[in-house]
1. Sorting 71, 3 on the 10 Å Cβ count, fewest up front, what's the list?
2. From the Cα trace of segment 2-119, what convex hull volume per residue do you get, rounded to a whole Å³?
3. For q values of 0.16, 0.28 Å⁻¹, compute log₁₀ I(q)/I(0) with the Debye formula on a Cα-only model of segment 96-147, without solvent.
4. Compute the helix-to-body angle for 10-22: its Cα long axis versus the longest principal axis of the chain, expressed 0 to 90° and rounded to tens.
5. Between 0 and 90 degrees, rounded to the nearest ten: what's the tilt of helix 105-119 against the longest Cα principal axis of the chain?
6. Return P(r) of segment 126-226 (all Cα-Cα pairs; 5 Å bins starting at 0; whole %; ordered from short to long distances).
7. For a quick check: sort 48, 148 by the number of other beta carbons within 10 angstrom, fewest at the front.
8. For the pair residue 223/residue 100, report the inter-label distance in nm, with labels modelled 7 Å from Cα in the Cβ direction.
């Protein structure tokens, strides 16, 4: 899932960005509030991680701007301020979670995953569709109890569809969440190839078809009885 990390202390930003990337997040970075505001206007992020003390625009002002324009995007604040009033101000401004420096990178990753799951209505890290299990914590997929070998991008696509089970995921959504803005959209048939490869690994012969195409709309992951037949 595409994440924006806004932190002006470079060593922390690099360390946290690397840990998030290891955990399957596609991370865009900024160290300036004004630049981050522009990035948020130009791109769709599944999660925003935001330091309160920023040059250009304060994290609190940026958070208020986000909440005016993107009410459902989860925001996690990170700050060196441990005073209760600072936490209250952040939460009252619309933050979904709060981390006080210094913090564990693993804890930050776990909280980030939880916020993304919560956005799509999932609390359990394992999402189940029929006999398919998508473990968003361990980043593993199983069908009928057997592990499915997936590339990092294939898992990211499957995870995205599992989080939005029964909802059509458009090609534009896939581009937004799996590729950064420097990747030329429409440069290849990469999404079609990914879907085809994913079907070969998930929908094996003799098993219930779970990955469906909606022509002109996109793709969805669900059981057949919960949606119309594939077109």
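What follows draws every value from the coordinates through simple rules; no lab data is involved. Just so we're clear, the structure is a prediction, and the values are computed from it rather than from any experiment. In this analysis, Cβ positions are derived from the backbone assuming ideal geometry, glycine residues included, and neighbour counts consider all displayed protein chains.
1. Values: 71 8, 3 24.
Fewest to most other Cβ atoms nearby, the residues stand as 71, 3.
2. Values: hull volume 10.4 nm³, N = 118.
Cα convex hull per residue, to the nearest whole number: 88 Å³.
3. Here the Debye-derived log intensity ratios amount to -0.54, -1.06.
4. With both axes taken from Cα atoms, the answer is about 20 degrees.
5. The two axes meet at around 60 degrees.
6. So the P(r) values, bin by bin, are 2, 12, 26, 26, 19, 10, 4, 1, 0.
7. Numbers: 48 25, 148 19.
In increasing order of surrounding Cβ atoms, one gets 148, 48.
8. Distance between label points: 4.6 nm.
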